[in-house]
């Protein structure tokens, strides 16, 4: 049985989305057991509302937690002080080996701080990385890491990110011989800033399928399975992409409702627009794993719906456990250390 | 008379776009005189083709240059070795005070290397910056600098970028009290990497209207006139934006031609799609100034058409000269130095 602690109070649609997502997950996979951590009466209310819809919930449990860590809370402070919060209690369940993984759609900073403070880092890994999948126009999406866990990494940290990203892409996302790239300002090896210049040669000797520099122009092409960068850069890229998507679809809406003819045309294109938007649906992968900590942690987007939460469990946690990904991280990182010597 | 040296051989549409752009510029502004630098016979051929269309060219001159610096050339090497190239000859005209400015749509790296090697830096400015205008969904666009001239800047360099960007936005783009921001991973002052943390307080005391951190999500919102970042970041963002635009419009084309109904809908939306695309038209501003060097240098996009070239001259060079922007840079930078003491 794979046991998951799910933060029932995290995210814009809590507790509804986590509760529904949990029920969908245990329906899809028999070997999943979920502890919904949060305010008991609210969770029960959601459960009773949904159970009338004939859900099976033998593998759903409730762990009461009275406090909530909000998006405005200071991450480290919240983890230290809000001991009865859903997130801290979920992390404690993992620390005490009551569960194999924690999933949350709540405060990202607190999620990462909680993971580091409660679980610590994996052996041999000096810096953690948050690793979401960026969508691809034509392909399966690209794991980008780091997007904000480590602001000022050193070249050897980027190497660790590349190794973990590669293992993750293979064992969780099912990519064969993942193609790993380094975000840079040009394709040639000597390009970039101090960090990318020094990282390039380390990546060349790492136990991965390193395919060289990636120009940001090609980042969403689907030509790479894994792309590494410093956390500051990844975070900015992620938000820039979100901003462009939101702005562009908003502008399209304005344009397409400007007059009757346009409205009619837009109505005829409705299924196509839906198909277009679905290519950028972050609910598909369910969330971003927080890699390098001593436990399986998956951070879902704040606006995750129940499908995202379900996918975080059945498409991420499930494969993490079954394919012993944390053990594989340590093994591959050790191989990387050996190639350095 | 404002004299401009125009690289007639640079860009995807050379020499046609530069020659046509030059003629459009001298038609629009009487006080402009242009030296078309490049292979004489090719320029004459283009001129004679267009002159039949009744263009006036009293203020157009040809400066013969036999060599061409291509996109594949190594920048510094090309400037040193291709002494008879259109770009080097144009830079020499500026160095010798034969012209007030150089405009080119050719190799960006060579353009920057040429500027630095031939003209040197402005007094008090330690690092140069390339400063294109990013489009805005709702507004006038935002000057982003640096996008690739200085890969690893120090905080004091970002401060110089902010001052130059602000002066440029005011005196060339006509913005009042330009709102200047710092690209960062959060809005609060303490956020970010080492560079942004240290730069924040310097920007607060600089002689500019500093409005704090900008999250990349808001970068295209038009809420800021000037945004500063390290060259590595700016270059990646610029290319990422280009890649998303290209990928998205390509994907839309695929979707919108999937069946008859969609094709009909797309046909009805054609004027709207055109209006949508025009918001991202980099030809509007004509090019990105290369700031911090001792001369007026404007780099047009490689795929610039004649309108872009014309705009680089009438919307950029013209205001640079008339509003004595280089002098203003030095004055404002000096003010910035005083506030530090």
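Figures for the structure shown
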item	result
Test for residue B:281: is it part of a helix (DSSP H, G or I) and surrounded by fewer than 18 Cβ atoms within 10 Å (Cβ to Cβ)	no
Near pairs, Cβ below 7 angstrom, 6+ apart or cross-chain, from region B:252-263 (facing chain A (nearest Cβ under 7 Å)) to any residue that is outside any helix (DSSP H, G or I)	B:256/A:269; B:262/A:269
Qualifying residue in region A:161-183 (condition: assigned to a loop (DSSP other than H, G, I, E, B), within 14 Å of chain B (Cβ to nearest Cβ), out of contact with any strand residue (DSSP E or B) (no Cβ under 9 Å at 6 or more places or on another chain) and over 21 Å from residue A:241 (Cα atoms))	no
Sole exception among (1) in contact with a strand residue (DSSP E or B) (Cβ under 9 Å, 6 or more places away or on another chain); (2) buried (at least 18 other Cβ atoms within 10 Å of the Cβ) for residue A:322, by number	(2)
Criterion: closer than 28 Å to residue B:256 by Cα and in contact with a helix residue (DSSP H, G or I) (Cβ under 7 Å, 6 or more places away or on another chain) - qualifying residue of A:300, A:304, A:262, A:278	A:262
Residue that is modelled with the lowest pLDDT, among those in region B:181-214 that are touching a helix residue (DSSP H, G or I) at 6+ places or on another chain (Cβ under 6 Å) and under 19 Å from residue A:75 (Cα atoms)	B:189
Residues within region B:188-204 that are touching a strand residue (DSSP E or B) at 6+ places or on another chain (Cβ under 7 Å), under 20 Å from residue A:109 (Cβ atoms) and assigned to a helix (DSSP H, G or I), tallied	2
Among (1) part of a helix (DSSP H, G or I); (2) farther than 20 Å from residue B:312 by Cα - the single one residue B:73 does not satisfy	(1)
Single residue of region A:139-153 satisfying the filter (in contact with a helix residue (DSSP H, G or I) (Cβ under 8 Å, 6 or more places away or on another chain) and outside any strand (DSSP E or B)) that is surrounded by the most Cβ atoms within 10 Å (Cβ to Cβ)	A:146
Residue within region A:119-134 that is in a helix (DSSP H, G or I), closer than 23 Å to residue A:336 by Cβ and not assigned by TED's automatic domain parsing to the domain that holds residue A:198 present	yes
Test for residue A:289: is it closer than 30 Å to residue A:92 by Cα and either more than 14 Å from chain B (Cβ to nearest Cβ) or assigned to a helix (DSSP H, G or I) (or both)	yes
Matching entry among B:276, B:248, B:220 (being in a loop (DSSP other than H, G, I, E, B) and within 7 Å of chain A (Cβ to nearest Cβ))	B:220
Conditions (1) outside any helix (DSSP H, G or I); (2) within 19 Å of residue B:286 (Cβ to Cβ); (3) out of contact with any strand residue (DSSP E or B) (no Cβ under 6 Å at 6 or more places or on another chain): number failed by residue B:21	(1)
Test: residue in region B:34-56 that is out of contact with any strand residue (DSSP E or B) (no Cβ under 8 Å at 6 or more places or on another chain), surrounded by fewer than 19 Cβ atoms within 10 Å (Cβ to Cβ), assigned to a loop (DSSP other than H, G, I, E, B) and touching a residue at least 12 places away in the same chain (Cβ under 8 Å)	yes
Of all residues making up region A:223-240, the number that are crowded, with 20+ Cβ neighbours inside 10 Å and more than 7 Å from chain B (Cβ to nearest Cβ)	10
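For (1) in the same structural domain as residue A:137 (by TED's automatic domain parsing); (2) closer than 30 Å to residue A:156 by Cβ; (3) buried (at least 20 other Cβ atoms within 10 Å of the Cβ); (4) at pLDDT below 95, each residue gets a yes or a no:
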residue	(1), (2), (3), (4)
A:247	yes, no, yes, yes
A:269	yes, no, yes, yes
A:313	no, no, yes, no
A:341	no, yes, no, yes
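The values are calculated or read from the model by the stated rules, or taken from the named source; none is laboratory data. Note that this is a predicted model, so its numbers are computed, not measured. Cβ atoms come from the backbone with ideal geometry, glycine included; neighbour counts cover every protein chain shown.
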